[in-house]
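A short write-up of the structure that comes next.
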């Protein structure tokens, strides 16, 4: 009787897979580096939690945005609390690397183009393939080389454009992170998220849901660390913050504020936001802007403010009358 069940003679490795992990407060990313290659089930679990594998200097590192579940997954392999670090992203170096890749692709494209031209120059214009002639194979081979070389030239030029666009985007991102408005918006966003999580924590406490309370406590701890980091950055660049973006700047209805090159009249003012009208050059259209987005503030006289608000109210009434008729 034949046994169809095959057993492997390779000894099974029961040693658990180790790893090193860290949580970067500056980017809020978890970096997980396994000691070996994880099995398929581990890779699928990692992907389901938001992890993505990226290759750095020949090493595969799994990265994911921080969450309690992603942190627990990493701690299964580290066996210890995760290391918390503060590491700024070197956007200039990343952009330089992209430009180097673009230059290398441009060099390859030029080389391919020169090779294609050298082959095509040896074929007279309009020369047909002489079937049965001793030159037939060489002619067909040269045409195939011209076609492949031209295709590769265009592929390399596409890479040049892609790397150049990426370099420009990376440099622009680095410039934004040095802007005081960026850090003011970052602090406001983190404070709003902290308040939202705190309300969820209070609801979980009323419901006596201990598991959810512990999870939200971890979220609050991470948000507090991020808020401290962003606040320290904001303190360093606070002197560069435009006057219009400061909360203590007195903006009154009827004044003008500048946003992305547009001078817009103010309708209402709150502590964090400013509502403007004449949005998109439509008198009755309003839009709410964050103070952190404002660039300039123009103070108007009382008469100018009254005239601006009166023109807005008149346009609103005219629009309502037009709808009613």
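Structure above, values below:
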read-out	value
Criterion (in contact (Cβ under 8 Å) with a residue 12 or more places away in the chain, in contact with a helix residue (DSSP H, G or I) (Cβ under 8 Å, 6 or more places away or on another chain) and farther than 26 Å from residue 38 by Cβ) met by exactly one of 116, 84	116
Checking residue 314 against (1) closer than 24 Å to residue 245 by Cβ; (2) without any contact (Cβ under 8 Å) to a residue 40 or more places away in the chain; (3) surrounded by fewer than 14 Cβ atoms within 10 Å (Cβ to Cβ), the condition it does not meet	(1)
Residues within the range 207-251 that are over 23 Å from residue 186 (Cβ atoms), at pLDDT 90 or above and surrounded by fewer than 15 Cβ atoms within 10 Å (Cβ to Cβ), tallied	6
Which numbered condition residue 34 misses (of (1) at pLDDT below 90; (2) under 30 Å from residue 230 (Cα atoms))	(2)
So residue 71, is it within 20 Å of residue 214 (Cβ to Cβ), in contact (Cβ under 8 Å) with a residue 24 or more places away in the chain and not in a strand (DSSP E or B)	yes
Residue count, the range 192-228 (criterion: over 16 Å from residue 25 (Cβ atoms) and either outside any helix (DSSP H, G or I) or touching a residue at least 24 places away in the same chain (Cβ under 8 Å) (or both))	4
Identity of the residue in the range 66-82, touching a strand residue (DSSP E or B) at 6+ places or on another chain (Cβ under 6 Å) and modelled with pLDDT of 90 or more, that ends up surrounded by the most Cβ atoms within 10 Å (Cβ to Cβ)	74
Residues (touching a residue at least 12 places away in the same chain (Cβ under 8 Å) and closer than 17 Å to residue 293 by Cα) located in the range 165-178	173, 177, 178
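The values are calculated or read from the model by the stated rules, or taken from the named source; none is laboratory data. Since the model is a prediction, treat every value here as computed from it, not as a measurement. Using ideal geometry, Cβ is built from the backbone for each residue, glycine included, and neighbour counts are taken over all protein chains shown.
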